[in-house]
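Heads up, the thing below is written out as structure tokens.
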């Protein structure tokens, strides 16, 4: 299966990694520093798709099984890209041979959670209490997932 129009595998040089890191405020909380972010981004088990104004990242991939997923758009207009993101998820299931894709989302991201469930058909699996610390405060996360049999 081909990637949707306007989407391609991202290629990174040092400046592009730095720019991605600087523009990824929500994602940066996952990492201690830019070096750790770079290791994650360029890992052998990470696939990054690039499109206008953003990226889709499939990471922690286990071939033939699963991957975690994050969508990052600098203009934060996910709803206008629902069809494109859905097509990229279908591409990931078929081309990366995945049976499960998961998202970890801070529980305070109400609009994103609703969008992922209603528009992308992710299912809520559970909650991780005090999973991360942000600005010195514990943050709860919600685990969402989608199985290939639910979308193919």
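Every number in this text was worked out from the coordinates using simple rules, so none of it is lab data. Everything numeric here is computed off the predicted structure, so don't read it as measured data. Quick reminder, even Gly has a Cβ in these numbers, built from the backbone with ideal geometry, and neighbours come from all protein chains shown.
The table that follows gives values for the structure above.
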quantity	calculated
Spacing of the two label points (7 Å from each Cα toward its C-beta) at residue 9 and residue 74, in nm	2.4 nm
Once the Cα gyration tensor of the range 78-144 is diagonalised, semi-axes √(5λ) in Å	25, 14, 10
Theoretical gain in end-to-end length, residue 99 to residue 114 [0.36 nm per residue, Cα-Cα removed]	3.1 nm
Among 62, 139, 70, residue whose mean-square fluctuation peaks in a GNM of the chain (springs only between Cα atoms under 10 Å)	139
Along each principal axis, Cα extent of the chain, largest first, Å	43, 37, 30
Paramagnetic label zone (point 7 Å from Cα along Cα-to-C-beta, residue 19; backbone N under 19 Å) in the range 44-60	48-57
Extension gain (nm, one decimal) between residue 45 and residue 123, 0.36 nm per residue minus Cα-Cα	25.7 nm
Distance from the range 1-26 to the range 41-85 (C-alpha centre basis), Å	9 Å
